[in-house]
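J.: Here it is, the structure in full.
The values are calculated or read from the model by the stated rules, or taken from the named source; none is laboratory data. Since we're looking at a predicted model, the values are computed, not measured. Note that we place each Cβ from the backbone using ideal geometry, even for glycine, and neighbour counts take in every protein chain shown.
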Amino acid sequence: MVSLLRKMIVAFALFAVVFVAAAPAAAAAPPATAPLSTEAILKWINGYRHRPDPDRLPLIVRALSEMQAFKDSETCGAYVGFIAGVLGANPARAAALVSEMMPIAPADHWVLVRALAYSGLPNWKNLLAAFADRMPERRAMIDRYLDGKLPTLDQIVYQPVKPGMFDKIKVALKIGDSDKKEVALEPSPELIDVLWGYYLATGAYKPIGQIIKFLPLADDKESVDNLTTGSAAKFTLASNAVRDLNLLAMLKWSVKSQPKETAKVLNEVIETAEDVDTAHMRKQSLAAIDELKQKGPNSKRDLTSISQIGQGALSMGCIVAAATGQIELGLPCVIGGAAYSAGMQYMTH
């Protein structure tokens, strides 16, 4: 079964857009007059934290929109996080940057809305309200953020609370306020992509610290979703720390202040990065996910057919390519909508 899952994930990863990390010295912005290719954009994003150039961001965002990079919200989390990070790091210029990014396809304005909400700017709500009239197609989304009905990156639930028997009875009988849900971001590979994008824009510890908090999920024996997310956090931290020595130093500094269960997994990440042995970690993660799918009677999903297994693998989003070792330092991956659809069709037929 492990072999089947591995073949399916590798097959899907072949559709991913792969790039090799650029050294900081080679991370200069693409010339304004040169056509912007996906490779050039990814190299620029990958080196941005070493040589910040926020004035170039609107050009990059407009080019990505033309490439339809924002077509599928599940596969462009890293871009959203990157834009949010640049805005958050440039509070005095945020309004001007958003204004210059406005001439993109109206359908893509959701990216700007979410990036502002995720930016961490103290006045992000004021900025969002100020730009609302220029994004009428996203007015409903804007209003939900302004009303607190959609979560920001400060509202992440790192370890979802499992409902007890009484909670399940309340839901079944519709007793009390059991239908009310807390506004929060739940663990997911897409969210990990967002946090990696924020890190690439800032080089800051905060998004790394948020990813670290997902690590205990790598030992979850009850939920395939949680185990997959925890494994993605574990693998991407290790694989990126192999080449990003500043990141590795952050992980070593952080481990001393982590809870016991987090420190245990984080030490495994650090050891793997130091030994450059991510292949072994990848195999262990795939085996653990497959075992839970087969033997876990309390698993969140009942994955019994080939098509369901394919969908489960695809739920890893952009982390799929990283989990197969296709990606080096930088964005876990960036997959276009067409590639995603092709991967789904390949796996479920």
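J.: Would you mind finding the one in Ser37, Ser73 that is under 15 Å from the mean Cα position of the chain (by Cα), in the same structural domain as Ala117 (by TED's automatic domain parsing) and surrounded by fewer than 16 Cβ atoms within 10 Å (Cβ to Cβ)?
T.: After applying the criteria, what remains is Ser73.
J.: Name the residues in segment 185-228 that are of a type in the set (D, E, K, R) and assigned to a helix (DSSP H, G or I), would you?
T.: Glu190, Asp193, Lys206, Asp219, Asp225
J.: Still on this structure, I have one more. Report yes if Tyr48 is in contact with a strand residue (DSSP E or B) (Cβ under 8 Å, 6 or more places away or on another chain) and either assigned by TED's automatic domain parsing to the domain that holds Trp110 or crowded, with 23+ Cβ neighbours inside 10 Å (or both), otherwise no.
T.: Considered against the rule, which asks whether it is in contact with a strand residue (DSSP E or B) (Cβ under 8 Å, 6 or more places away or on another chain) and either assigned by TED's automatic domain parsing to the domain that holds Trp110 or crowded, with 23+ Cβ neighbours inside 10 Å (or both), Tyr48 comes out as no.
J.: Does at least one position in segment 46-68 carry a residue that is on the phi > 0 side of the Ramachandran plot and either at pLDDT below 95 or among the aromatic types (Phe, Trp, Tyr) (or both)?
T.: The answer is yes; a qualifying residue exists.
J.: What pairs come up if the first residue lies in segment 206-234 and is over 18 Å from Lys283 (Cβ atoms) and in contact (Cβ under 8 Å) with a residue 60 or more places away in the chain, the second is assigned to a loop (DSSP other than H, G, I, E, B) and of a type in the set (Gly, Ala, Ser), and their beta carbons are under 8 Å apart, counting only those six or more places apart or on different chains?
T.: That search, which allows pairs on different chains as well, returns Lys221/Gly296; Glu222/Gly296; Glu222/Ser299; Ser223/Ser299; Asp225/Ser188; Asp225/Ser315.
J.: Between Asp220, Asp193, which is under 17 Å from Val269 (Cα atoms), among the acidic types (Asp, Glu) and surrounded by 22 or more Cβ atoms within 10 Å (Cβ to Cβ)?
T.: Answer to the selection: Asp220.
J.: How many residues, within segment 236-276, are β-branched (Val, Ile, Thr) and not in a helix (DSSP H, G or I)?
T.: The qualifying residues number 1.
J.: Counting only residues that are without any contact (Cβ under 8 Å) to a residue 40 or more places away in the chain, surrounded by 19 or more Cβ atoms within 10 Å (Cβ to Cβ) and of a type in the set (Phe, Trp, Tyr), give me the helices (runs of 4 or more DSSP H) lying completely in segment 85-142 with at least 1 of them.
T.: Counting at least 1 such residues, we get 124-131.
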